[in-house]
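This report refers to the structure that appears directly beneath it.
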Amino acid sequence: MKRVYELSVSAEFCAAHRLNGYAGECRRTHGHNWGVTVFVRCSELDGIGMGLDFREIKGLVREALSGLDHACLNDLPPFTTENPTAENIARHLYDELSRLLAGRAEGRARVARVRVAETPGAEVCCWEEP
C-alpha cells in the first residue's frame with residue numbers, strides 16, 4: 001500500500017465582493033475575512049523526512065493571496081467575468097496554487113484541495129478527481 005502525507009496550511013485575507021444576479025443582500029458590496037486552508041499531498045519524503053517544508057507552502061499561499069487581500073474581488077480577473085463566490089474563489093486559488101507549486105516542488109507534491117470559508121461554518125472545498 002502506498003503511503004500518502006497530506007500537509008495543510010491555513011491563512012486569511014480580507015476582501016469585499018458582490019454577487020451579481022443574486023436576489024438577496026449579497027448583491028450589494030460587502031466584505032469578509034476569508035479563511036483559506038490549502039492541503040498538499042506528498043507520497044515521498046526528502047532526505048530529512050519532509051514532504052514539503054511548511055514555510056514553503058506558507059510562502060506560496062501568501063503569494064496567491066497577495067493580490068486578493070484588501071481588494072474588491074469583482075475588480076480583479078477572473079472575477080470581472082464571473083461572480084466571486086466562495087466556489088469560484090476556491091477554484092481560482094486551487095489553480096493558482098497548483099501552478100505555483102508545480103514550479104517548486106519538483107514533482108514531489110501537489111495541491112490536493114483548497115478550502116475557502118466565507119464565514120465561520122460556511123465553507124467550500126475545491127479539488128480535482130484523479
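The values are calculated or read from the model by the stated rules, or taken from the named source; none is laboratory data. Only a predicted model underlies this, so the values are computations on that prediction, with no experimental measurement involved. Glycine also receives a Cβ, built like all others from the backbone with ideal geometry; neighbour counts cover every protein chain displayed.
If you check 70, 32, which single one turns out to be surrounded by fewer than 16 Cβ atoms within 10 Å (Cβ to Cβ), modelled with pLDDT of 95 or more and not basic (Lys, Arg)? Break it down into steps so the answer makes sense when it comes.
Details: 32 fails: surrounded by fewer than 16 Cβ atoms within 10 Å (Cβ to Cβ).
After applying the criteria, what remains is 70.
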Would you check if residue 99 is crowded, with 16+ Cβ neighbours inside 10 Å, part of a helix (DSSP H, G or I) and not aliphatic (A, V, I, L, M)? no
Does any residue in the range 25-45 that is under 15 Å from residue 71 (Cβ atoms) and in contact (Cβ under 8 Å) with a residue 24 or more places away in the chain come within less than 8 Å, Cβ to Cβ, of a residue that is among the aromatic types (Phe, Trp, Tyr) and in a strand (DSSP E or B) six or more places away or on a different chain, and which pairs are these? 34/13; 36/13
Being at negative phi and in a helix (DSSP H, G or I) is true for just one of 55, 41. Which residue is that? 55
I'm told residue 67 meets every condition in (1) touching a residue at least 12 places away in the same chain (Cβ under 8 Å); (2) within 21 Å of residue 111 (Cα to Cα); (3) among the small types (Gly, Ala, Ser); (4) out of contact with any Phe, Trp or Tyr (no Cβ under 9 Å at 6 or more places or on another chain) except one. Can you identify the failing condition by its number? (1)
Close pairs (6 angstrom Cβ cut-off, 6 or more residues apart or separate chains): more than 12 Å from residue 41 (Cβ to Cβ) and surrounded by 12 or more Cβ atoms within 10 Å (Cβ to Cβ) in the range 108-130, among the hydroxyl-bearing types (Ser, Thr, Tyr) and at pLDDT 95 or above anywhere: 114/94; 115/37; 126/94
